[in-house]
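Down below is the structure, laid out as structure tokens.
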Amino acid sequence: MEYLFILLINYIGVSIALVKFIPAAGYSASHAFIPGLNILTWLKVIKRPWWWILLLIFPGVNFLLGIVMCVELAKAFGYLESKDQILAGAFGFIYLPMLSKDKKLIYVGPEDWTKKKKTKVREWSEAIIFAVIAASIIRTYFLEAYTIPTPSMEKSLLVGDYLFVSKFHYGPKSPQTPLSFPFAHHTMPGTISMKSYLEWIKLPFFRLPGFTDVERNDVVVFNYPDGDTVVVARQNESYQQIIRDEAYSYKLRDLDNQMPLKENTEYENLARKRILQNDEISVRPVDKRENYIKRCVGIAGDKLEVKNGVLFIDDKQAEIPEEYQLNYRVKNIPNIDAAGLKEKYDVNLAASRQAARSDKSFVFPLTDGNLEKIRKDKPNVEFVPDFTGKDEMKGYITNNLRNRPDIIEKLMATGAQNPRFSNFPNDVRYNWTEDNFGPIVIPAEGAKVTLTLDNLPLYERIIFLYEGNDLEVKDSKIFINGAVATSYTFKMNYYWLMGDNRHNSADSRFWGFVPEDHVVGKAVFIWMSLDPELSWSDGKLRFSRLFSFID
């Protein structure tokens with residue numbers, strides 16, 4: 001609302017000035033009173049092309065262009081001093097009406113650049129400004145280029161794929177922080193903490209009409225929901241999980257010292273206090289949170305469940321992406337050869353590992369097709385899906401605890417099969433894992449849910465963060481905006497997104513629902529693909545993936 005209010009104030013102030021400026025320039029005074037026509041006449045007065053009015057549609061661009069037009073208007077009436085131009089640009093809605101009251105108001109016209117030979121500096125400046133404006137409009141409202149940095153979508157999308165994301169499929173959303181450095185997402189180039197945007201003006205969420213809604217199995221780019229707060233030195237990690245991990249270390253310390261355990265919330269408060277005191281924290285608006293890419297497996301209203309690694313939607317097995325992967329564990333595999341694994345079975349070496357378990361096993365991410373190939377070549381080796389069950393702590397116990405069964409037993413006694421609470425909703429009452437998760441119903445706009453203390457962890461981020469309510473629990477009662485609440489009606493649609501590389505993906509199983517205002521666009525086209533694990537002579541350029549569409 002602040003942005004719209006500022007635009008309105010500027011428009012009213014400049015319109016008051018145009019009542020005097022337009023007749024003084026030789027145009028009909030009636031033009032000043034007709035919205036739209038007054039802007040076109042203004043452009044004629046400063047001798048700028050009519051199509052600039054089209055640029056005024058775009059948030060961010062309209063703000064900067066308005067400043068230029070105010071400065072040009074002052075110059076066209078002979079106010080050429082630096083102070084006049086600064087005041088006209090910064091406070092046009094006040095300063096231009098003041099200038100219009102000058103009884104000696106004379107139209108001298110803008111400087112005629114057509115009669116002057118363009119210098120190289122001017123040529124380059126105009127070209128750069130035009131390119132920045134055009135590229136900003138294209139990447140904000142039509143198409144934007146992205147690259148795949150992690151293996152979470154393999155083998156559907158590979159690390160090193162360069163792709164275009166369509167903003168117009170679901171409808172482009174207007175920038176919520178329109179004042180930002182061009183082409184920088186949230187941090188200034190060459191820095192790790194300097195913000196690339198100003199928060200003086202914020203726009204409410206608004207999405208222009210698109211061609212389609214988000215559908216199941218779409219590959220979607222979105223703003224990371226858990227990225228509202230980040231530890232600057234650890235920007236690629238969830239701030240909330242950093243707190244939970246720190247709290248976990250405090251709990252282990254107390255167990256090791258034979259001290260009584262505190263409540264989990266007390267450990268988390270201690271962790272949060274230490275992090276706030278010792279680390280630089282950055283809070284980001286929605287459109288400046290990290291961009292993630294995953295597959296939409298569930299839409300608003302769907303019932304979702306994962307059983308032993310198999311996804312079910314509305315109690316029916318969901319469609320399996322053609323190139324999706326699972327981790328497979330194998331013991332005593334002979335002749336481990338990294339180059340051979342990649343060449344013959346297309347194994348991502350960065351995602352493969354020797355499991356930190358007593359059996360010294362290895363873990364490989366494999367598609368069904370590559371699994372069959374390696375089984376045929378090594379018929380005497382057993383490949384076991386690396387599932388994490390609801391009743392075991394595999395994958396959650398740190399190495400230094402493996403020889404401490406006393407501490408493991410005490411942790412189990414707390415009821416936390418996942419003591420780090422890394423799976424959504426990150427609460428001891430929900431002992432879900434990435435392979436055994438749910439059931440859960442994805443919230444839909446207008447749907448009402450009964451609220452209890454038990455199911456509140458599922459919806460608390462929706463209520464207080466995504467939908468902007470005050471939320472508090474007092475005396476075993478839930479208060480929303482100061483009133484006792486026994487139910488809640490959702491204001492937005494939500495989605496569930498997962499990586500096709502199911503055991504190597506930080507997705508909704510860890511941070512929950514994706515609000516519709518976080519959806520950026522649909523991944524549609526791969527234009528370049530470079531394998532970071534190979535050299536140019538070994539096939540770094542993946543010719544088969546060039547100029548291919550994304551399923």
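None of the figures in this text is laboratory data; all of them are computed from the coordinates on show. In this text, all values refer to a predicted model and were calculated from it rather than measured experimentally. When we count neighbours, we look across all protein chains shown, and the Cβ atoms used for this are built from the backbone with ideal geometry, even at glycine.
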Under a plain spin-label model, where a point goes 7 Å from the Cα along Cα-to-Cβ, how far apart in nm are ALA444 and PHE547?
4.2
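Within a 10 angstrom radius of the beta carbon, how do THR229, THR41, THR452, THR177 rank from fewest other beta carbons to most?
Working: THR229 16, THR41 19, THR452 10, THR177 23.
Going from least to most buried by this count: THR452, THR229, THR41, THR177.
Which FRET efficiency, nearest 0.05, do GLU123 and PHE181 yield, Cβ-Cβ r, R0 25 Å?
On the way: r = 23 Å, r/R0 = 0.94.
In this case the efficiency is close to 0.60.
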Placing each pseudo-label 7 Å from Cα in the direction of the beta carbon, THR452 and LYS101 end up separated by a distance in nanometres of 6.8
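Would you list MET412, MET153 from fewest to most Cβ contacts within 10 Å?
Numbers: MET412 14, MET153 29.
With the sparsest Cβ surroundings first, the list reads MET412, MET153.
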Residues whose modelled amide H sits under 5 Å from the amide H of ILE550, counting only those 5 or more places away in sequence or on another chain, are PHE525, ILE526
Return the FRET efficiency for the residue pair LYS376, VAL68: r is the Cβ-Cβ distance, R0 is 56 Å, and the value is rounded to the nearest 0.05.
0.25
List the DSSP H helices in the chain whose Cα atoms stretch 15 Å or more along the helix axis and whose mean Kyte-Doolittle hydropathy is at least 0.0.
2-24, 61-76, 120-141
Between ASN501 and residues 5 or more places away or on another chain, the pairs with built amide H atoms under 5 Å apart involve MET153, GLU154, GLN325
Under 14 Å from a label point 7 Å along Cα→Cβ of ILE192: give me every residue in region 272-307 with its amide N that close.
279-282
Calculate the FRET efficiency for PHE510 and TRP200 from the Cβ-Cβ distance with a Förster distance of 41 Å, rounded to the nearest 0.05.
0.75
Run the quick spin-label model on PHE464 and ILE138: label points 7 Å from Cα toward the beta carbon, then report their separation in nm to one decimal.
4.4
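Using only the alpha carbon atoms of region 462-551, find the Kirkwood hydrodynamic radius as the inverse mean reciprocal pair distance, in angstroms to one decimal.
Details: mean 1/r = 0.0573 Å⁻¹.
Mean inverse Cα-Cα distance, inverted, gives 17.5 Å.
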Amide H to amide H under 5 Å from GLY521: which residues, 5+ apart in sequence or cross-chain, H placed 1.01 Å off N in plane?
VAL221
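By count of other Cβ within 10 Å, fewest leading, how are GLU280, GLU237 ordered?
Values: GLU280 12, GLU237 15.
So the residues, fewest neighbours to most, are GLU280, GLU237.
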Which value in Å does the Kirkwood hydrodynamic radius of region 2-116 take, with 1/r averaged over all unlike C-alpha pairs and then inverted?
14.1
Place a point 7 Å from the Cα of ILE12 in the direction of its beta carbon; the residues of region 34-75 whose amide N falls under 20 Å from it are 34-39, 63, 66-67, 70
The chain -> Rg/Rh from Cα coords, Kirkwood Rh, value 1.06
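If the chain between LEU208 and LYS474 were fully stretched, how many nm would it gain, using 0.36 nm times the residue separation less the Cα-Cα distance?
Numbers: separation 266, 0.36 × 266 = 95.76 nm, distance 4.04 nm.
Computed gain between LEU208 and LYS474 is 91.7 nm.
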